[in-house]
Amino acid sequence: MAHGPAHGLSRWLYTTNHKDIGSMYLWFSFAMFFLGGIFALIIRAELFEPGLQIVEPNFFNQMTTMHGLVMVFGAVMPAFVGLANWMVPMMIGAPDMALPRMNNLSFWILPFAFALLASTLFMQGGAPNFGWTFYAPLSTTYAPPSVTFFIFAVHIMGASSIMGAINIIATILNMRAPGMTLMKMPLFVWTWLITAYLLIAVMPVLAGVVTMMLMDIHFGTSFFNAAGGGDPVLFQHIFWFFGHPEVYIMILPAFGVVSAIIPTFARKPLFGYSSMVYATASIAILSFMVWAHHMFTVGMPFIGEWVFMIATMAIAVPTGVKVFNWVTTMYKGSMTFETPMLFSIAFVILFTIGGFSGLMLAIAPADFQYHDTYFVVAHFHYVLVPGAIFSITAAVYYWLPKWCGRMYDETLGKTHFWLAFIGLNLTFFPMHFSGLAGMPRRIPDYNPLFANWNMMSSIGSFLFGAAQVLFLYIVIRAIVSGRKATDRVWEGSHGLEWTVPSPAPYHTFTTPPKVD
Amino acid sequence: MLGKSKRLLVLPLYAFLVALLPAVSWATEWPLNMTEGVTSVSREIHGLHMQIFWWCVVIGVVVFGVMFYTMFVHRKSRGAKPAHFHENVTLELIWTIIPVIILVIMAVPATKTLVHIYDTDDADLDILITGYQWKWKYEYLDSQGENVSFFSLLTTPTSQITNAEPKSEHYLLEVDEPMYIPIGKKVRFLVTAADVIHSWWVPALGVKRDAIPGYIHEAWTKVEVPGVYRGQCTELCGKDHGFMPVVVHAVEQAEYDAWLEGKREKARAIAEAVKQTLTFQQLYEQGEAVYNKNCASCHLADGKGVAGVFPAIAGSKIATGPVADHINRVVKGGVGMPPFGEQLSPVDVAAVVTFQRNAFGNNMGDQIQPIDVVNFKQGQ
Ligand code: HEM
Ligand SMILES: [Cu+2]
């Protein structure tokens with residue numbers, strides 16, 4: 001008899017099953033998405049009109065900081081690890097992840113990290129208030145006492161990410177079914193393989209920089225303290241050496257998701273598979289050489305400024321290749337527009353808009369005007385919300401029938417899409433304008449000149465938030481009472497994950513499938 | 001079925017339009033673009049910005065054009081049959097090479113502007129800009145040694161910020177002491193900070209420089225048109241990051257000279273005032289004003305502070321302890337509090353210390369004279 005899952009709480013606490021762990025990652029991420037969303041709505045409520053209405057400036061700073069940290073480390077990253085857990089073994093014909101116990105550990109330390117981080121909100125002096133980029137010395141000499149807990153939480157998150165990455169690499173390199181050569185792997189597997197290497201390369205750098213902060217705060221060192229011979233700019237170099245690859249960690253798996261969905265609903269194979277692989281690899285390599293484009297105004301010497309400008313502009317080329325490939329995949333296909341496809345098409349369009357503003361920001365002299373304004377906020381939200389978040393949403397709609405054996409309601413799904421699409425553009429498009437007009441980021445109050453765009457953004461954000469509540473309802477409804485799904489689920493689906501029954505049995509591919 | 005789903009799809013559209021309504025009816029200003037500014041640098045930047053923007057528009061029109069065409073034509077409901085191609089080396093080469101060419105075309109003028117921005121030589125005038133939590137200090141460096149220096153603080157009253165009064169035109173963009181510069185002259189800014197990192201930005205000048213403790217970075221401007229130019233701190237620097245604006249008055253040389261001479265005279269007058277003895281009443285009243293302007297943003301107007309962050313003045317160990325310690329804390333700062341020894345004149349320090357020791361129920365009954373502060377500073 002095949003082993004089924006254990007019962008009760010111990011199933012979840014002790015599980016080493018990649019599907020269980022994948023689900024836990026996804027639910028955890030969903031919860032963090034709502035928590036980070038609440039922080040965002042507090043920010044947008046305060047910015048609805050000029051003047052201080054709802055929160056104190058210091059609390060406002062805590063909200064922007066916690067929003068960024070929770071969304072990046074709590075919502076986006078764990079969601080992609082959850083998708084990898086569910087899909088990578090099924091896509092390569094493996095029975096499970098290579099290191100199942102470590103898998104359990106890497107998930108279960110996350111809730112502790114975020115409980116710790118969230119608890120700082122109730123501490124004396126409040127939560128971290130120095131931005132998700134936590135520039136020293138604001139985050140060291142001038143930080144609230146809770147910074148120590150923040151550092152510890154970041155250490156735990158980093159450990160979790162590194163373990164997850166090791167596991168994914170070990171799985172992909174060792175557990176592929178016979179015949180599943182590297183260049184036959186689905187693009188989602190490829191993008192995750194590359195992402196995992198990025199994680200292993202840069203999470204230790206993040207751990208290093210927070211450890212240096214810890215030393216400065218508690219053990220009398222002066223890494224980042226100018227008065228002690230240290231260097232605040234050094235902090236930024238180390239942070240962005242982690243930080244720029246980090247933004248690609250949040251988008252490469254998204255490329256993989258979209259590269260799975262568009263061919264399915266265009267009923268046509270992905271265009272330029274191998275160039276997609278090479279483009280992903282070149283983006284990953286280039287991502288290590290552009291970090292100082294976040295620091296164009298710190299006063300680097302001319303030549304440094306110039307090199308980082310050129311390298312950053314170069315990244316647009318492989319990024320463009322990807323977009324062209326997706327469009328050409330759709331070209332002369334036979335398209336239908338189910339919810340996953342809608343989210344994927346919106347991904348391509350809106351991510352490209354984010355890429356355009358990225359290209360503008362890459363022009364160093366122009367960045368003197370853009371830097372640290374709402375224009376940058378618009379840029380990174382266009383690449384992260386319709387980028388990372390939309391791809392995760394698309395993935396959930398696309399694979400949910402395989403996970404739980406039931407379909408979601410298509411009409412509700414499309415409604416969710418349109419609400420989210422409108423809400424998001426209403427929120428973030430005006431930020432281009434307020435930024436260009438001169439509104440700095442991370443301020444709780446502003447001149448009435450920016451009032452109209454801010455009001456529009458705030459209204460949009462609440463619409464977007466409401467759309468996500470609908471999403472939760474749709475998912476629960478599908479799990480509880482959705483129509484039974486077929487094994488193939490989608491007419492145009494290809495790949496090993498669609499050859500197993502829906503819902504996928506607790507153990508799949510205990511004997512490896514044949515891939516030709 | 002279709003009818004129902006259509007109706008559901010229209011709903012969000014309505015929501016969108018309704019959401020726009022309040023904004024539209026109150027519409028007075030919808031600023032859309034970057035300012036062209038009033039310097040050669042700001043104009044070059046604006047030119048680059050527009051150039052790269054139009055490239056993006058062109059690429060966008062092509063890419064999205066193909067996309068919308070294919071979404072419309074190649075749909076299953078119109079009977080489209082899928083093709084099977086999945087590679088085309090020529091096509092892939094073309095769409096790699098064309099972007100490279102566009103980027104090279106962009107990189108050339110961008111490099112030129114960058115060279116221009118970095119050319120800080122041969123300045124007519126040097127101004128040292130220091131960022132503090134949460135104000136700017138401007139120091140005009142003078143070869144004769146008679147430097148002029150002053151702090152520039154937000155003047156927007158709290159009542160406007162808390163919505164008790166209507167907001168003025170330059171809400172949050174107004175200061176007590178603006179920076180003055182002569183037009184047509186190359187002014188070099190030496191930018192640094194005393195506590196955390198700040199960033200000095202005036203959009204119309206096209207100048208943004210991070211102010212970093214331990215570094216003095218250079219930037220420059222040459223304003224062509226007289227006027228008042230406003231900006232803000234753009235690097236998160238703590239609680240009042242949103243409340244430390246920059247205001248620059250660009251004026252004719254003669255007006256600038258007169259302003260500078262006025263500043264020098266004021267400095268001489270203060271040097272005189274330090275030698276005077278003030279009455280308790282004078283000290284207390286001036287101290288109250290100094291307190292409300294410089295201290296109340298953290299210790300609050302009622303002297304109660306913020307638990308765990310900013311200590312109360314009422315009953316404070318320092319404000320009710322030895323006078324020397326009290327002066328020391330105000331002059332040199334400490335434990336997260338900025339030093340005020342430079343920003344406040346000895347008269348102001350004497351006044352505010354006297355005030356704190358006798359307000360909020362701290363009935364110390366003593367008074368401090370400007371000369372005490374001068375002696376304290378000299379003793380250091
Ligand atoms: C064509 C590709 C891209 C280019 C050329 C580009 C360029 C830039 C530049 C120059 C900045 C710094 C702006 C400033 O602070 O003044 C920036 C900021 C940022 N970008 Fe991108 N970017 C690109 C794609 C992406 C992607 C794919 C992501 C993530 C999914 C991303 C996420 C971010 C984030 C999070 C920030 C701001 C971080 C912060 O300051 O808080 N970007 N980008
Ligand atoms: Cu970057």
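The values are calculated or read from the model by the stated rules, or taken from the named source; none is laboratory data. Since the structure is predicted, the reported quantities are computational estimates derived from the model, not experimental observations. Please note: Cβ atoms are built from the backbone with ideal geometry, for glycine as well, and neighbour counts cover all protein chains shown.
Below are the figures for this structure:
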| read-out | value |
| --- | --- |
| Top-ranked residue in the range A:350-375 [being outside any helix (DSSP H, G or I) and either within 15 Å of ligand 2 (Cβ to nearest atom) or small (G, A, S) (or both); ranked as surrounded by the fewest Cβ atoms within 10 Å (Cβ to Cβ)] | A:D372 |
| Every pair of residues 6+ apart whose Cβ atoms lie under 6 Å, when the first sits in the range A:56-82 and is away from chain B (no Cβ under 14 Å) while the second is crowded, with 24+ Cβ neighbours inside 10 Å and of a type in the set (F, W, Y) | A:P78/A:Y25; A:V81/A:Y25; A:G82/A:Y25 |
| Residue in the range A:328-345 that is assigned to a loop (DSSP other than H, G, I, E, B) and more than 9 Å from chain B (Cβ to nearest Cβ) present | yes |
| Of all residues in the range A:287-342 being of a type in the set (S, T, Y) and within 28 Å of B:I216 (Cβ to Cβ), the one that is farthest from ligand 1 (Cβ to nearest atom) | A:T297 |
| Residues of the range A:39-73 satisfying the condition of being farther than 21 Å from A:W453 by Cα and away from ligand 1 (no atom under 15 Å from the Cβ) | A:E56, A:N58, A:F59, A:Q62 |
| Long-range neighbours under 6 Å by Cβ, at least six apart or interchain, first residue within 14 Å of chain B (Cβ to nearest Cβ) and within 13 Å of A:W291 (Cβ to Cβ) within the range A:227-250, second part of a helix (DSSP H, G or I) and away from ligand 1 (no atom under 14 Å from the Cβ) | A:F239/A:V209 |
| Residue match in the range A:308-318 (condition: at the interface with chain B (Cβ under 7 Å from one of its Cβ atoms) and more than 14 Å from ligand 2 (Cβ to nearest atom)) | yes |
| Subset of the range A:465-516 (residues that are more than 15 Å from A:P401 (Cα to Cα) and β-branched (V, I, T)) | A:V469, A:T508, A:T510, A:T511, A:V515 |
| Residue match in the range B:117-133 (condition: within 11 Å of chain A (Cβ to nearest Cβ), modelled with pLDDT of 90 or more and assigned to a helix (DSSP H, G or I)) | yes |
| Condition check for A:I43: in contact with a helix residue (DSSP H, G or I) (Cβ under 8 Å, 6 or more places away or on another chain), among the hydrophobic types (A, V, I, L, M, F, W, C) and within 30 Å of A:Y142 (Cβ to Cβ) | yes |
| Residue list for the range B:57-67, filter: of a type in the set (A, V, I, L, M, F, W, C), surrounded by fewer than 18 Cβ atoms within 10 Å (Cβ to Cβ) and facing another protein chain (nearest Cβ under 9 Å) | B:V57, B:F64, B:V66 |
| Only listed residue being over 24 Å from the mean Cα position of the chain (by Cα), facing chain A (nearest Cβ under 8 Å) and closer than 22 Å to A:H432 by Cβ, chosen from B:I102, B:I52, B:I45 | B:I52 |
| Condition check for A:P269: within 13 Å of chain B (Cβ to nearest Cβ), more than 12 Å from ligand 1 (Cβ to nearest atom) and assigned to a loop (DSSP other than H, G, I, E, B) | yes |
| Search result, residues across the range A:279-305 that are farther than 16 Å from A:H244 by Cβ, assigned to a helix (DSSP H, G or I) and out of contact with any helix residue (DSSP H, G or I) (no Cβ under 8 Å at 6 or more places or on another chain) | A:I303 |
| Qualifying residue in the range A:232-241 (condition: within 16 Å of ligand 1 (Cβ to nearest atom), within 28 Å of A:M276 (Cβ to Cβ) and buried (at least 17 other Cβ atoms within 10 Å of the Cβ)) | yes |
| Residues located in the range B:187-203, provided they are farther than 30 Å from B:G334 by Cβ and either modelled with pLDDT under 95 or within 9 Å of another protein chain (Cβ to nearest Cβ) (or both) | B:P203 |
